Amino acid sequence: MKAATLLLGVVVAASFFPVAKAQKPTLRVSGSTTVHPVVSEAAEVLRKDKDLAITIDTAGGSTGGINGLGDRRADVGMSSRPLNNADRKKFPLVDFHATSIGRDAVSIVVSKDVWEGGVKSLNADQFRGIYECKVTNWQELGGEDCRIVFFNKEPGRGTWEVLVKWLYGNPESAPRSNHPEVGANEEVRSKVSGTRGAISFVSTPWADGQRVFALGIQKDDGSVIGATGPDIASGDYPMTRPLFVITNGEPAGAAKVLIDYLLSDAGQELVAKHGYLRLADLK
Amino acid sequence: MTEVLPPSVASCAKVFRPRWILWSCALGVAVTVTSLLGALAMLLWQSLPLLGHQGSSFVTAPEWYYPEKAFGALAMIYGTTVVSLIALVLAVPVAVGASILSAEYLPPGLRLVVKSGIEMLAGVPSVVYGLLGVLFLREWVYHGLTAFDPISGDSLFTAGLLLAVMILPTITTLSDDALRSVPASQRSAARGLGLTRAEAVLHVALPQAAPGILAASLLGLGRALGETVAVFLVVGRQDNQLPGNPFSPTAWISPGQTLTSKLGGPETHIAYGDPLHWSAIIGLALLLLLLVGFCLAAAWGLERVMKRTPMDTESDS
C-alpha cells in the first residue's frame with residue numbers, strides 16, 4: 001500500500017517535469033494553405049531521410065503563420081504574402097527573415113453553371129462591382145439570369161490580399177463589405193462547385209477546370225489573359241505573389257535543413273509539381 | 001438511540017483515518033475553484049481595453065470590422081440566439097417524446113439498449129457531427145429549400161438543424177432520468193383512481209418531471225451555445241448579418257456568424273499581438289462564458305426544485 005502510494009507520488013511528481021530531454025526538438029511549421037502542400041511533401045522526405053521531426057498546421061493562413069512565428073508558437077512561418085509593416089510593428093523583437101521558394105498566381109473561379117452560362121472573363125471594374133455588392137446578377141456581366149454568390153476569403157488569407165491589391169491597390173483601402181467567408185483553398189473549391197451562381201478566388205492549382213472554372217482577366221486594352229506560366233513569369237497577369245517560408249533571423253538548425261531542401265533542385269521540383277512557378281522560371 | 005459501535009469497527013475507524021485523503025481532496029477543490037475564478041478574472045481583465053474602447057456598444061452595436069476597430073457583437077449574439085433557438089425548438093419535442101417512450105412504455109431490457117445507444121450518441125465528438133453536416137445537411141438545406149431561394153447550403157438554419165441533432169441525445173437521456181425519478185407509487189395511485197396509462201403519464205408523471213425536463217433542455221441549450229466546430233463548418237461565417245426583423249425567415253436561411261464561429265475562426269490568430277483586437281476576442285469569449293454559465297446555473301436551480309418537489313407532495317398527502 002505504502003509502496004504503491006509512493007510510486008503514485010513519484011509518477012505524479014514526474015509528470016510535472018518536462019520530458020523533452022529524451023526527444024529531439026520538433027520543428028513547428030505553420031501558415032498558408034497555399035505553401036502547405038510543398039512544405040508538407042518536403043517534410044515527408046526529410047522525416048525519412050534526415051530523421052527530422054516536423055509538425056505542420058495551417059490555422060489562420062499566412063497571417064496565422066506570421067503571428068505564430070512572432071509569438072514563438074512556430075519556428076517557420078509559411079506565407080503567400082510578403083511581410084508588411086504591420087507585422088513588423090506587431091512583433092518588434094522578431095527579426096523576420098523571408099525566403100522566397102516560388103511564385104503563385106490567384107485565379108478567379110466560378111461554378112459550372114456560370115461558366116456554361118457564358119461568362120469567361122472579368123475586368124477589375126466588374127469584380128469591384130461584385131466585391132462591393134453593386135453587381136448582383138450574372139446578367140449584368142453577360143451571363144444568365146442568376147444571382148451572384150460571392151464567397152470572400154477570411155481576413156488574413158494571403159489570397160485575399162492578392163485580390164484586393166489588384167482591385168484597390170492595397171489591402172488597407174479595401175472597402176468594408178460582408179460576404180459569406182471561406183478559408184482554405186479546398187473549402188473554396190468545394191463551396192463554389194456546390195453553389196449556383198458562385199464566384200470566388202483560389203490559388204491557381206486549385207482551379208481544376210472540372211469542378212470550378214478559372215475566369216480570364218480582361219486588361220484595359222480589352223485583351224484577355226489567363227493564369228498561365230509565361231504570363232505569370234512576365235508579370236502580365238495581375239494577381240501573382242511570391243511564396244515564402246519565414247524564420248526568426250537567418251535560418252538555422254532544422255529550419256535551415258528544411259529551407260535548403262526547398263531551394264534545392266528536388267525541392268523546386270515539388271514547387272513545380274504543385275502547380276507553382278519555380279524560382280528558375282521567373283528569371 | 002446512542003451509537004455504540006462494536007469494538008472491531010471502532011478501532012478500525014480510528015486507525016484508518018488517512019489525513020492525506022482529506023488534504024488531497026481539499027487540494028483538488030482548491031485547484032478547481034481557483035482555476036475557474038482565475039479564468040474568469042483573466043477574461044475580465046483582458047477584456048477591459050475593449051470595454052474602455054467600445055463601452056456598452058460592444059453588445060448593442062451590430063458592426064464588427066476589425067481593420068476599423070469596430071467591435072460590435074450584436075450580430076453574433078443574434079446568430080448564436082437564432083441557431084440555439086432553432087436547435088431547441090426542433091430537438092425538445094422529439095426528445096420529450098422519445099424519453100416518454102423509453103421511460104414509461106419500454107420493457108426494462110429494451111429500455112437499457114435504447115438508453116445506452118442514446119448516451120453513446122451524446123458522446124460522439126462534435127467534429128464528426130460537423131463533417132456529417134457538411135456532407136449531408138448543407139446539400140439537403142440547399143436543395144430542399146429551393147422554394148425560399150437560399151444563397152447557399154450554409155446558413156443559420158443549417159447550423160440550428162445540426163445542433164438539434166447534436167443536443168437531442170443529451171436532452172432525451174436526461175428527460176428520461178427525470179421521468180424515472182417520479183416515484184412508481186404515484187403512477188400506481190393514478191391507475192388505482194381509474195386513469196389510463198396515457199393519462200397517468202400526461203397528468204401525473206409529466207407534470208412532476210417538468211422541471212427536470214426543463215433542466216435537461218437548458219443543459220442542451222448550454223451545449224448548443226458553446227458548440228464551435230460543427231457550427232463553424234456550416235454557418236457560412238458572414239459578418240454583420242443583423243436583419244431588421246429578427247424573425248425574418250430569409251435571414252434564418254442566410255449565412256451568419258455566431259460567437260463561437262467567430263472565436264473558432266482566423267481572427268483569433270490575427271488578433272494575437274494587437275491588444276485592442278485581442279481584447280475584443282476575449283470579450284466575445286467572456287460573453288459566451290456568461291451565456292453558457294447562465295444556462296447551466298438555471299438548469300442546476302431547476303434540478304434542485306425538482307428534487308424538492310416529490311418530498312413536498314409526500315408530506316402533503
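Throughout, read-outs are computed from the coordinates displayed, never taken from laboratory work. Please read these numbers as outputs of a predicted model, since none were measured by experiment. Ideal geometry is used to build each Cβ from the backbone, glycine not excepted, and the neighbour counts take in all protein chains shown.
Out of A:V245, A:V188, report the one residue that is in contact (Cβ under 8 Å) with a residue 40 or more places away in the chain and under 21 Å from A:L282 (Cα atoms). Walk me through it before giving the result.
Values: A:V188 fails: under 21 Å from A:L282 (Cα atoms).
Residue meeting the stated conditions: A:V245.
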Review point. For the subset of segment A:129-174 comprising residues that are crowded, with 19+ Cβ neighbours inside 10 Å and basic (K, R), which member is farthest from the chain's Cα centre (by Cα)?
Key: A:K153
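Each row is one residue, and each column tells you yes or no for (1) closer than 23 Å to B:E267 by Cβ; (2) in a loop (DSSP other than H, G, I, E, B).
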site	(1), (2)
A:V39	no, no
A:A43	no, no
A:L46	no, no
A:D51	no, yes
A:G65	yes, no
A:G68	yes, no
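State all residues of segment B:244-255 that are more than 9 Å from chain A (Cβ to nearest Cβ), touching a residue at least 24 places away in the same chain (Cβ under 8 Å) and outside any helix (DSSP H, G or I); if no residue qualifies, say none. Write out each step before concluding.
Of segment B:244-255, the ones more than 9 Å from chain A (Cβ to nearest Cβ) are B:244-253.
Now narrow it down to the ones that are touching a residue at least 24 places away in the same chain (Cβ under 8 Å): B:246, B:249-253.
Residues satisfying the conditions are B:P246, B:I253.
Based on what the data block shows, is B:A164 of a type in the set (G, A, S) and closer than 17 Å to B:I100 by Cα? Even if it seems obvious, please write down each step before you answer.
Numbers: of a type in the set (G, A, S): yes; closer than 17 Å to B:I100 by Cα: no.
No: the conditions fail for B:A164.
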**Study point:** Condition check for A:S177: within 10 Å of another protein chain (Cβ to nearest Cβ), assigned to a helix (DSSP H, G or I) and hydroxyl-bearing (S, T, Y)
**Key:** no
Check your understanding: Taking the condition more than 14 Å from chain B (Cβ to nearest Cβ), assigned to a loop (DSSP other than H, G, I, E, B), under 19 Å from B:D154 (Cβ atoms) and out of contact with any strand residue (DSSP E or B) (no Cβ under 6 Å at 6 or more places or on another chain), does A:R196 pass?
Key -> no
**Study point:** Members of segment B:106-126 found to be surrounded by fewer than 14 Cβ atoms within 10 Å (Cβ to Cβ) and either within 14 Å of chain A (Cβ to nearest Cβ) or of a type in the set (A, V, I, L, M) (or both), listed by number
**Key:** B:L110, B:L112, B:V113, B:M120, B:V124
Practice item. Please verify whether segment A:237-245 includes one or more residues that are within 14 Å of chain B (Cβ to nearest Cβ) and in a strand (DSSP E or B). Key: no
**Study point:** Single unsatisfied condition, B:A103 versus (1) exposed (fewer than 15 other Cβ atoms within 10 Å of the Cβ); (2) hydrophobic (A, V, I, L, M, F, W, C); (3) more than 17 Å from the chain's Cα centre (by Cα)
**Key:** (1)
Check your understanding: Name the residues in segment A:72-95 that are under 12 Å from A:T247 (Cα atoms) and of a type in the set (D, E), would you?
Key -> A:D75, A:D95
Exercise for review: Working only within segment A:63-97, note down all residues that are within 15 Å of the chain's Cα centre (by Cα) and more than 10 Å from every other protein chain (Cβ to nearest Cβ).
Suggested key: A:V76, A:G77, A:M78, A:S79, A:S80, A:R81, A:P82, A:L83
Check your understanding: List pairs: first in segment B:260-283 and within 10 Å of chain A (Cβ to nearest Cβ), second among the basic types (K, R), Cβ under 7 Å, 6+ apart or cross-chain?
Key -> B:S261/B:R237; B:G265/B:R237; B:G273/A:K90; B:D274/A:K90
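Filter segment B:142-157 for residues that are buried (at least 22 other Cβ atoms within 10 Å of the Cβ) and within 12 Å of chain A (Cβ to nearest Cβ) and give the result. Steps first, please.
Step one: list which residues in segment B:142-157 are buried (at least 22 other Cβ atoms within 10 Å of the Cβ), which gives B:150-157.
Result: B:P150, B:I151, B:S152, B:G153, B:D154, B:S155, B:L156.
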Exercise for review: Take segment A:133-174 and flag every residue that is of a type in the set (A, V, I, L, M, F, W, C), more than 21 Å from B:I151 (Cα to Cα) and more than 10 Å from chain B (Cβ to nearest Cβ).
Suggested key: A:W160, A:V162, A:L163, A:V164, A:W166, A:L167
Exercise for review: Report whether or not B:D176 is part of a loop (DSSP other than H, G, I, E, B), touching a helix residue (DSSP H, G or I) at 6+ places or on another chain (Cβ under 8 Å) and surrounded by 24 or more Cβ atoms within 10 Å (Cβ to Cβ).
Suggested key: no
Review point. Out of (1) over 13 Å from A:M239 (Cβ atoms); (2) crowded, with 24+ Cβ neighbours inside 10 Å; (3) within 10 Å of chain B (Cβ to nearest Cβ), what's the single condition that is false for A:V188?
Key: (3)
Point to revise | Subset tally (residues that are surrounded by 19 or more Cβ atoms within 10 Å (Cβ to Cβ) and more than 15 Å from A:A207 (Cβ to Cβ)) for segment A:175-185 | key: 4
**Study point:** Single residue of B:T80, B:T60 found to be more than 14 Å from every other protein chain (Cβ to nearest Cβ) and either under 19 Å from A:P180 (Cα atoms) or acidic (D, E) (or both)
**Key:** B:T80
Check your understanding: How many of the residues in segment B:54-84 are buried (at least 17 other Cβ atoms within 10 Å of the Cβ) and assigned to a helix (DSSP H, G or I)?
Key -> 13
**Study point:** Members of segment B:199-230 that are part of a helix (DSSP H, G or I) and within 14 Å of another protein chain (Cβ to nearest Cβ)
**Key:** B:V229
